[in-house]
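Engineer: Handing you this structure, nothing more for now.
Only the coordinates and a few stated rules stand behind these numbers; no lab work does. For clarity, every value in this text was computed on a predicted model and none was experimentally measured.
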Amino acid sequence: MKLTKKILSALIICTMLVPSVALAEYNEVSDIQLLSLGEDYSVGLFSSDIELTDKEKKLLNDIVGKLANRESEITLKAADYGITNYERYYEVAGNCLGALIQYEHPELFYIDLKGIHFGATATPAGLAVDLIVYTTTTYNKGTEYEETINAYTMNKETETAKQALIDEEYEKITAMLDDGMTPFQKILTVHDYIAANYEYDTALKIRTLDRMVEEKKGVCQGYSYLFKYVLDKLNAEDDLGIECVTVPSNARNHMWNKVKLDGKWYNVDVTHDDPTPNGSANINHSHFLLTDEEI
């Protein structure tokens, strides 16, 4: 999956717009009578003034892997990633790591980005030697308002219990699939299950993958995370050839997904296709596999 460019905020709260389209209308559309989004659609994750090298992308992915292993202090060698000064390290990791975790790794539901900060050791010439990621941050240090935030928001036992619920839900969804289904049919089945079994959180509080599964409701982030999590895991297990990404939008105050099917990118907005808020008995498909122009 490409790491690309764009400034995004760290927090998105969704508004709810729910169009109503009958299922029969959708069924008249054949599988891939859809327009291409273009030869190379990419989802923006990072600051527009940062071009990442392959080594710098590897740095970010290596940090994510170590965070997934709950390392309390992550030390990496600058030379391994082509980083020649710590200013560049802060630019790459400081501006990009949070977006990568938030938008590409919903399985890291137990990480609080406010608990992560960066450091480096340097030579007299100013070249970074060790790149360090700390997972505990103290704000307003030395004042009566001092607050220490740990990047890991729960202990391993709690995380394991929550992951077990997520795994159980994944198994329930994949039990509805069979080898004879096309990738299109599998995407549709996942979409329909989430739309039928989850509801929008009108209190605007539930947005992480674990709480979405526990409460069976959430805001748009929760819908997007669950959809991505299931398709990513399906793709890893069955090699479906489907890419799935989240699409956060400041302009729309919303998040949805894109899937790459038969080499083309399409929008899927499960939040808007949830029938519950408008009282419909049918799952909506008005935001399923749409081009950018259509959505």
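Engineer: Any idea what diffusion coefficient the range 151-198 gets from Stokes-Einstein, in µm²/s, Kirkwood Rh on alpha carbon pairs, 4 °C, 1.567 mPa s?
Structural biologist: 104
Engineer: Which links in 186/260; 66/217; 66/114 stretch past 20 Å when you go from one Cα to the other?
Structural biologist: 66/217
Engineer: Another one. Shape call for the range 245-295 from the C-alpha gyration tensor, a ≥ b ≥ c root eigenvalues: rounded (a/c under 1.5), prolate (a/b greater than b/c) or oblate?
Structural biologist: Judged from the Cα gyration tensor, the range 245-295 comes out oblate (a/c at least 1.5, b/c at or above a/b).
Engineer: What percent does the relative contact order of the range 84-168 come to when contacts are Cα pairs within less than 8 Å and at least six residues apart?
Structural biologist: 27
Engineer: Follow-up question, since we're still on this one. Can you bin every Cα-Cα distance in the range 194-295 into 5 Å intervals starting at zero and give me the percent of pairs per bin, rounded to whole numbers?
Structural biologist: 2, 14, 22, 25, 21, 12, 4, 1
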